[in-house]
Amino acid sequence: MKNFFKLFKHRKQTVQGPEQASMQMLLRSVAMTDEQELSCDEVYALVDQFAEMVKRGEDGSGLMPMVQKHLNMCPDCREEYEALLKMMEDSTE
Amino acid sequence: MSERDNETWIEDLNTPGPKQEAALADLHITLLKVLPRALTRWLSPDDPALEMLVEDTAQDTLLQVLDKLDTFESRSQFTTWVYKIAVRIALTELRRKRWKDVSLDEITETSGQDTAPVFLSNREHDPESKTEQNETILHLKAIMMEELTDKQRQAMNAIVVQGMPLEEVARLMGSNRNALYKLMHDSRLRLKRRLEMEDLSIEEILEIFNR
């Protein structure tokens with residue numbers, strides 16, 4: 001893992017310009033920031049309900065915009081939401 | 001497997017004996033069926049670790065389901081609620097394994113705060129653009145130094161720049177994911193307010209980087 005990090009850093013240093021790429025990522029996340037955002041625990045409490053709405057074809061982001069917002073901002077919750085959708089698809093097959 | 005509505009699931013699982021055993025067995029079968037494909041993004045179907053993870057996750061999920069049964073509010077189907085628990089267990093384990101060799105030192109920002117950045121890949125850029133980009137980055141770094149604590153900068157570097165899961169960064173920092181998200185939110189808000197106070201448009205800054 002340590003070697004992986006060194007390689008990764010080296011690649012970015014010589015090919016992409018790490019400062020620029022990092023700042024761009026950071027700025028995009030800052031631009032998407034709202035005054036009020038749900039926490040991971042709050043989203044966890046709602047994500048099964050949200051996933052069922054989306055699965056039924058309802059507008060999840062319109063009905064529960066703060067859940068959608070959190071999923072856009074939080075990679076951990078987004079990964080779990082996507083895996084949950086996958087499980088729901090498979091369970092109906 | 002017998003079809004149950006939410007009420008029946010709760011009733012069966014709350015009734016020690018054959019009813020509970022049958023309900024647990026049905027949940028176990030379902031989890032073994034639906035977990036593997038949900039995890040193929042992280043583990044190949046041929047990977048022997050997948051079968052072990054699925055079985056361990058199913059067992060841990062059943063224990064948590066029994067433990068948290070009285071918190072289920074029927075806002076979704078019972079099985080969706082169970083899947084949510086299973087996903088959290090499985091991905092927490094996967095993240096822990098993937099990042100187990102990374103230490104707190106490695107997620108600490110190492111680049112010097114007063115060092116001018118270098119764009120080796122952008123040789124075609126004219127010197128004026130390059131200077132403007134370098135100055136912008138130095139200014140943004142100065143803002144980060146002024147607005148954010150060491151802990152906030154460390155978390156931001158690990159999550160936004162290095163792409164580490166919040167769960168793992170939280171573990172390394174002796175915190176938890178929920179608190180870390182709040183820390184990140186506070187960091188982003190501070191930076192946003194500071195940029196607004198300086199009348200700096202994020203779109204315009206990004207435009208500078210694209211020149």
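Odds and ends about this structure:
- Averaged over the residues of A:46-53, the number of partner chain Cβ atoms lying within 10 Å of the residue Cβ comes to 5.
- Using the rule -39500 (n - 2.57) for each DSSP H run of four or more residues, divided by the residues of chain B, the 222 nm mean residue ellipticity is -21000 deg cm²/dmol.
- Just so you know, the Rg over Rh for the stretch B:6-98 is 0.99, from Cα atoms, with Rh as the Kirkwood radius.
- Acute angle (nearest 10 degrees) that the helix B:48-68 long axis makes with the longest principal axis of chain B, alpha-carbon atoms: 70 degrees
- Dipole magnitude for the protein assembly as shown: about 920 debye, using +1 per Lys or Arg Cβ and -1 per Asp or Glu Cβ, origin at the Cα centre.
- Solvent-accessible area buried by pairing B with A, both sides, nearest 100 square angstrom, 1.4 angstrom probe: 5500 Å²
- Across chain B, the mean sequence separation of Cα contacts (distance under 8 Å, 6 or more residues apart), normalised by length, yields a relative contact order of 16 percent.
- Estimated FRET transfer efficiency when R0 is 25 angstrom, pair residue B:201-residue B:149 (beta carbons, to 0.05): 0.45
- Dipole magnitude of chain B about its Cα centre (Cβ charges: Lys, Arg +1; Asp, Glu -1), debye to nearest 20: 200 debye
- Centre separation in Å (Cα based) which lies between the stretch B:1-69 and the stretch B:145-211: 37 Å
- 0 to 90° range, to nearest 10: angle between helix B:177-197 axis and chain B longest Cα axis: 30 degrees
- Accessible surface of chain B [probe 1.4 Å, protein heavy atoms]: carbon and sulfur percent: 50 percent
- Note on B:79-85: average number of Cβ atoms from other chains within 10 Å of each residue's Cβ is 6.
- Chain B shape via C-alpha gyration tensor axes, a/c threshold 1.5: prolate
- Crossing angle, helix B:78-98 versus chain B [Cα axis fit, 0-90 degrees, rounded to tens]: 50 degrees
- Mean Cβ count within 10 Å, highest first, over the residues of peptides B:41-52, A:37-48, B:24-35: A:37-48, B:24-35, B:41-52
- The relative contact order of the stretch B:6-98, computed from alpha carbon pairs under 8 Å that lie at least 6 residues apart in sequence, is 29 percent.
- Shielding by partners, peptide B:178-189 (average Cβ within 10 angstrom, other chains): 5
- Value of Rg/Rh across the protein assembly as shown [Cα atoms, Kirkwood radius]: 1.04
- Solvent-accessible surface of the protein assembly as shown, taken per residue with a 1.4 Å probe and all protein chains present: 52 Å².
- Within the shell defined by Cβ-Cβ distances under 12 Å, the residues around residue A:31 carry a net charge of -1, with Lys and Arg each +1 and Asp and Glu each -1.
The values are calculated or read from the model by the stated rules, or taken from the named source; none is laboratory data. Keep in mind that what you see is a predicted model, and the values were worked out from it rather than measured. Using ideal geometry, Cβ is built from the backbone for each residue, glycine included, and neighbour counts are taken over all protein chains shown. Heavy atoms of the whole protein, side chains included, go into the accessibility calculation; ligands, DNA and RNA do not. Shrake-Rupley method; radii C 1.70, N 1.55, O 1.52, S 1.80 Å.
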